[in-house]
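Everything on this sheet refers to the single structure shown next.
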Amino acid sequence: MTLTALLRRVKAKSDTPGHFATAHGFRSSFRDWASEHGYARDLAERALAHTVANKVEAAYHRTDLLEQRRPMMEAWAAHVCSD
């Protein structure tokens, strides 16, 4: 099941009155949160599976940074699951 389907199924509320949460909004919230908490741009972009637009940079930056991303993703999970 996709995130969009799950959000629709559970009727996840949005901060915008009369609207439901969307996958794009969820991803955007993560990106803002990561920036506000001082995480490196590369880590947040890799977590969102964004590609590197610059072909030269992409040729040299091939790692997924998984181990470096792990603490960030655990902190995001704690944030999302908090009251």
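Quick note: the coordinates plus some simple rules give every number you see, no bench work behind them. From a predicted model like this one, the values you see are computed outputs, not experimental measurements. Because the Cβ atoms are built from the backbone with ideal geometry, glycine has one as well, and the counts that use them run over all protein chains shown.
Per residue of segment 11-16, what does 6.51 cos²θ - 1.76 cosθ + 1.60 with θ = phi - 60° give for ³J(HN,Hα)? Whole Hz please, x for Gly and Pro, Karplus curve as stated.
So the Karplus estimates, Gly and Pro as x, are 6, 4, 6, 9, 6, 8 Hz.
Using Cβ counts within 10 Å as a stand-in for footprinting exposure, how do TYR60, TYR39 rank, fewest first? Can you show the working numbers first?
Working: TYR60 8, TYR39 20.
Ordered by Cβ neighbours within 10 Å, fewest first: TYR60, TYR39.
Among ARG70, ARG27, ARG62, which one shows the highest mean-square fluctuation when the chain is modelled as a Gaussian network with alpha-carbon springs under 10 Å?
It is ARG62.
Return one number: the angle in degrees, 0 to 90 and rounded to the nearest 10, between the long axis of the Cα atoms of helix 23-36 and the longest principal axis of the Cα atoms of the chain.
The two axes meet at around 60 degrees.
Using amide H atoms built in the peptide plane, which far-off residues or other-chain residues are under 5 Å from ALA12 H to H?
ALA21
To the nearest 20 Debye, how big is the dipole of the chain about its Cα centre, given +1 on the beta carbon of each Lys and Arg and -1 on that of each Asp and Glu?
Details: 12 positive and 10 negative charges, 81 e Å.
Result for the chain is approximately 380 debye, rounded to the nearest 20.
Using just the helices of the chain, give the 222 nm mean residue ellipticity in deg cm²/dmol: DSSP H runs with n ≥ 4 each add -39,500 (n - 2.57), and the total is spread over all residues, rounded to 500. Could you put the intermediate results ahead of the total?
Numbers: 5 runs with 50 residues, N = 83.
It lands at -17500 deg cm²/dmol.
If the chain between GLU45 and LYS11 were fully stretched, how many nm would it gain, using 0.36 nm times the residue separation less the Cα-Cα distance? Walk me through the numbers on the way to the answer.
On the way: separation 34, 0.36 × 34 = 12.24 nm, distance 2.73 nm.
Difference between extended and current length: 9.5 nm.
Using 0.36 nm times the number of residues separating TYR60 and SER82, minus their current alpha carbon distance, what extension gain do you get?
Working: separation 22, 0.36 × 22 = 7.92 nm, distance 3.78 nm.
Between TYR60 and SER82, full extension yields an extra 4.1 nm.
Relative to the longest principal axis of the chain, what angle (0 to 90°, nearest 10) does the C-alpha long axis of helix 66-81 take?
Once rounded, one gets 10 degrees.
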